[in-house]
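Heads up, the thing below is written out as C-alpha cells.
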Amino acid sequence: MERPKDRDFVETAEGLLFCVVGYLHPPDRYTAYLKYAPSGDGKWSRGETSYRRVIPYYHVSQVENTYDLLRERYPQYLHSCPVRNITVSSVPRASVREYYRPRERLQALLENPRDELERKLNDLSTILCGLSGLDSMDLGVTGSLLTRSHNPEFSDIDITVYGLEASRRLKETILETRREKSAIQPFNAAKKEAWSDSRAGRFPLSPGELMEFAERRWNYGVFSDTYFSIHPVRTDEEITEEYGDNTYEQRGEVEGVGIVSDASESIYLPAIYGLEDVELEGSGPSDIERIVSFEGLFCDMFRSGERVEFRGILERVTSKENHYRVVIGGAGSRPSFIKRAA
C-alpha cells in the first residue's frame, strides 16, 4: 500500500478532517493536524454536512491552538511522541473512517468534473501536464477539493506534484509561463503586497524581507480568476527515514548564521537545507548540519552557497551519526525564521 504522505487527508469516525503532515508516522497512527470540523454554520459543505475551518492558515501557533479543542473533546488525537519527544496531533489508524489520496481524487475529477471549480482544476492540470510533459498521475489535488467539501464560490485549487524530478519540471514550467502571456498568471504587485502584509504579524521579518519572499515564490498564482498553489511531495522511494531511525530532543532556542550547502530537499515540506560554516550567537554545538523548516514560507527559498540568518529550536538528533539541527516552526517555539544574511 502507498505510504502516507504530506497533504493527504484522513477523516475520523466523528467526521473530523485532518491534514497529514510530513512523512514521519508511528506504525499505528498518522501525524496530522485538524483542519476542518463539522459545524452547523460552516462555509464548506459535503452533502448535508457543513464544515468550519478550525485554523485560518497553517502556522505552528495555529496548529497548537487546536490542541486545546482536542484535549477537551478528542484527547485520543493527541500523542506523546517518543521519537520527537513532543506532543503532536495524530490520528490512530483504527479511528480513520476514510483516507483521501490526492492522486486518486484528481483522476476521478479529470474523468467527471461536476462544478466550475472542478472544471478549472481539470483545465489547469491539463495545461500544466501539456507544458511540462508530466503525466496526470504525477499530480494530485489536496485541500477541500480532495475531501469533496469545497465551495466553488471561494475555494482555491491546491495541487500536489510527486517526486523531485517532476517538481523541478513543473517549477520550470510555471516560471516559463511568467515570461509570456498565459492563462496561468503570477501575483501582480498589489497581490504580492497584500500577501506580504498579511504575513507581517506571523513572522519576525520586515516588509522588505517579506516582499523578497513574495518575489521568489514560484508555486502560487492565478488561473481563471482563481488562486492556486502547487506543493511538491515525496514519492515512496524518496521517503528514506523510518519511524524510530532517529530520535529528536529539543535543546532550546538558537540564533546564528551559516552557508547553505545543499538546497535539493528544500522543495518539500518539511524543507531541508544542508548547512556549513555555522556561527551561533553565544555558545552552542559546532556540529549543526541542517535547518529543517515546517513553515511553508521557507520552502525552496534559498540556494546553495547563500549565507542565511536563522532563529529556531536546536534539536539533538540521535542516530548512527549524532548531530544537531535547527527546526523552524517547531512545537512550543516563538516565531522563528530563515532569511538571507546581510
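The values are calculated or read from the model by the stated rules, or taken from the named source; none is laboratory data. Source: prediction; values computed, not measured. Please note: Cβ atoms are built from the backbone with ideal geometry, for glycine as well, and neighbour counts cover all protein chains shown.
Tabulated data for the structure shown
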{"item": "Filter result for Asp123 (part of a helix (DSSP H, G or I) and within 19 Å of Ala331 (Cβ to Cβ))", "result": "no"}
{"item": "Any hit, segment 137-152, residues being of a type in the set (D, E, K, R), assigned to a loop (DSSP other than H, G, I, E, B) and within 30 Å of Phe337 (Cα to Cα)", "result": "no"}
{"item": "Residue count for segment 292-308, restricted to those that are more than 18 Å from the chain's Cα centre (by Cα) and buried (at least 16 other Cβ atoms within 10 Å of the Cβ)", "result": "1"}
{"item": "Residue check, Ile86 assigned by TED's automatic domain parsing to the domain that holds Ser149 and not polar (S, T, N, Q)", "result": "no"}
{"item": "Wholly within segment 33-102, strands (runs of 3 or more DSSP E) carrying at least 3 residues that are at pLDDT 95 or above, under 21 Å from the mean Cα position of the chain (by Cα) and surrounded by 20 or more Cβ atoms within 10 Å (Cβ to Cβ)", "result": "86-92"}
{"item": "In segment 241-280, the residues that are free of Cβ contacts under 8 Å to residues at least 24 places away in the same chain and not assigned by TED's automatic domain parsing to the domain that holds Val326", "result": "Glu242"}
